[in-house]
């Protein structure tokens, strides 16, 4: 959470664990308290922008479904607007991050940009002809839930074979948990102390480089399917800039390197020739800055 002025400059920011196990009401209470602490009564905010994982209703700002948060039909925008008395704009977290990278980060306000963020999940956002691409139902950019393996691993969205179970932090954890339940041996079990929820993407890469069978399988799938999905994205949209970010990309540079190396060869000649691949320049702040820019009154 942060305060951004009308010129798009970040003035201050802070963070707290979301801890969605507390339920939406508790999370909303924390949000309200943090906003009030950052913006005293003498200087109330003009508007509030929220970058939230999941599918967002374009009219009400409600969280229709956020599998990684475990939220369904949470009226996030309306509840915050009522509590704070200011306009609230809610956008999908990665679309907000894409907009942040476009207006103030690696995009450099190029006319077309695609941003893919790999962290707990996998999400993306696109800016086409200088405008954030939302799609007809505000559902554009769900690259993590595009199918890369027919009848593949189950995904939290309820379908099978999506990219997210193969190339995300939560996907690595779920696959390790399933392997442990099946009695499969791996050094990954030792690395996380027998608790799959403690597995980090950098652990998968480190153990894979030592030749561990399960780790090699997880790493191979992640690089193969992520580069395939991103290349297809580039082939369809032909963006000028491809921005890669998120916690997994930040902590495992080899995954970014794999995208740089493989994607141009997997797309068309002209798409590859016009494509520039960059790391996210704003880091964890891209969504914050993007959400603020989307909420800033004209």
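The values are calculated or read from the model by the stated rules, or taken from the named source; none is laboratory data. Not measured: the values here are computed from a predicted model. For neighbour counting, all protein chains shown are included, and Cβ atoms are generated from backbone atoms with ideal geometry for every residue, glycine included.
When you scan the stretch 132-145, do you find a residue that is surrounded by fewer than 18 Cβ atoms within 10 Å (Cβ to Cβ), free of Cβ contacts under 8 Å to residues at least 40 places away in the same chain, within 21 Å of residue 248 (Cα to Cα) and assigned by TED's automatic domain parsing to the domain that holds residue 256, even just one? The answer is no; no qualifying residue exists. Within the stretch 20-56, being in contact with a strand residue (DSSP E or B) (Cβ under 6 Å, 6 or more places away or on another chain) and either assigned to a helix (DSSP H, G or I) or free of Cβ contacts under 8 Å to residues at least 40 places away in the same chain (or both) holds for 24, 38, 54.
Looking at the stretch 241-259, is at least one residue in the same structural domain as residue 144 (by TED's automatic domain parsing) and more than 18 Å from residue 167 (Cβ to Cβ)?
Among the residues of the stretch 241-259, at least one is in the same structural domain as residue 144 (by TED's automatic domain parsing) and more than 18 Å from residue 167 (Cβ to Cβ), which makes the answer yes.
Table: residues versus (1) out of contact with any helix residue (DSSP H, G or I) (no Cβ under 7 Å at 6 or more places or on another chain); (2) more than 18 Å from residue 117 (Cα to Cα); (3) outside the structural domain of residue 271 (by TED's automatic domain parsing); (4) part of a helix (DSSP H, G or I).
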site	(1), (2), (3), (4)
167	no, no, no, no
177	no, yes, no, yes
189	no, yes, no, yes
194	yes, yes, no, no
207	no, yes, no, yes
211	yes, yes, no, no
216	no, yes, no, yes
224	yes, no, no, yes
233	no, no, no, yes
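Exactly one residue out of 269, 236 is without any contact (Cβ under 8 Å) to a residue 12 or more places away in the chain, over 19 Å from the mean Cα position of the chain (by Cα), within 21 Å of residue 224 (Cβ to Cβ) and surrounded by fewer than 19 Cβ atoms within 10 Å (Cβ to Cβ), and it is 236.
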